[in-house]
Every structure is written in structure tokens, then in C-alpha cells.
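We did not get these values from a lab; they are worked out from the coordinates using the rules stated. What you see is a predicted model, and the numbers here were worked out from it, not measured in a lab. Note that we place each Cβ from the backbone using ideal geometry, even for glycine, and neighbour counts take in every protein chain shown.
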Amino acid sequence: MPKTHVNPASLFASVEHGFSQVVIASGARTVFISGQTAWDANKRIVGRTCGEQARQALRNVKTAVEAASNILAFETRFRLAFVADLIGGACYVGVTVLLYVGTALSLNYLAPVLLLRGAQPLSAFETNQLQAEALIFFRLYRERYNVGMVFFGVQIVTIGYVIVQSTAASHDST
């Protein structure tokens, strides 16, 4: 597969270090951009704070993308992928919270056994009361599980959407 190496003048000269800033592969029109830092074209670090350096690195990425051309024609898809990634991240947070809370709520799964076993302190309750409370714990467990499945479903749909869009983008660029 023929490749075109692009090294924009406003980025530092990277060829002497053994890599190009941008490589455009023909065929599927795939663009590879090297990892960017806060360096300017003269290999000087731009910015004193982490935020300033991050902005410079992102400006370098923008320069590399512009040099590759045609990529910005798919800006909407890139933005949608970014939003989909945020949604996926939020779902990961949701699942993590549910797992953390779920550890405490896992007692909902064990509690019915303890209730129905009939330990000494529970002798004050009648059997039907203990069975009703056991049923409540089973239902709590089921509800936690269902909420977890909703987060999992949103995460899977988000990932699927990004995959479909990335596949469509690679087909559109050929």
C-alpha cells in the first residue's frame, strides 16, 4: 500500500528522529498521526502549565489533521464519536457505581437465606413475615440488576454506533 509522508513546516522536523508527523495510506485513505506533544516547530516546549501544553499538543494535532486534508470533511462524525465516547464513559462510571453499591446490595441475595434459616433473633417473627421480607430482598436484587443492565445496554449501543460510524467513514473515504 503506497504511503505519503507529510511533515508540516509548523511542526518540528521529525524525520531525523525516524518518523513522520502524518502518514496518509492510499486505498482506504487511512491517516496516521504521530503522538503530539507541546513542542513547537523548533522543538521548544510551549506553555508552562499543563493546560497550556495540552492546548499546544491539540494545536499540533489540528495542524497534522489539516495537513492530511479531507479529514475535516467528516467533522460531524468525529464530533458524534466524541459524544458517543463521553456517553460510553458515563456508562462506565454508572456501572462502576453500581458495582460498588452492588457489593453492599449483594447482601440482598444472601439475606433471604439468613432470614429463612431461622436464626435465634428472628424467632420473634412468624414464618410468613420472614418469607415476605426475603421476597423484598430478592426484588431489591432484581431491581439493581435491571438498572445495571440498562447502563450496560447504553454502553453497548454507544460502542456499536462508533464502530458502525468508523466503518462507514472508512468506506466513504475510498
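Side notes on the structure shown:
- Computed over neighbours whose Cβ is under 12 Å from that of Ala132, the net charge equals -1, Lys and Arg +1, Asp and Glu -1.
- Cα-projected label distance for Arg139 with Arg59, points at 7 Å along beta-carbon direction, nm: 6.1
- Length added when fully stretched, Leu110-Ser14, from 0.36 nm per residue minus Cα-Cα: 28.5 nm
- Total formal charge among the other residues, if their Cβ is under 14 angstrom from that of Ile45, Lys/Arg +1 and Asp/Glu -1: +3
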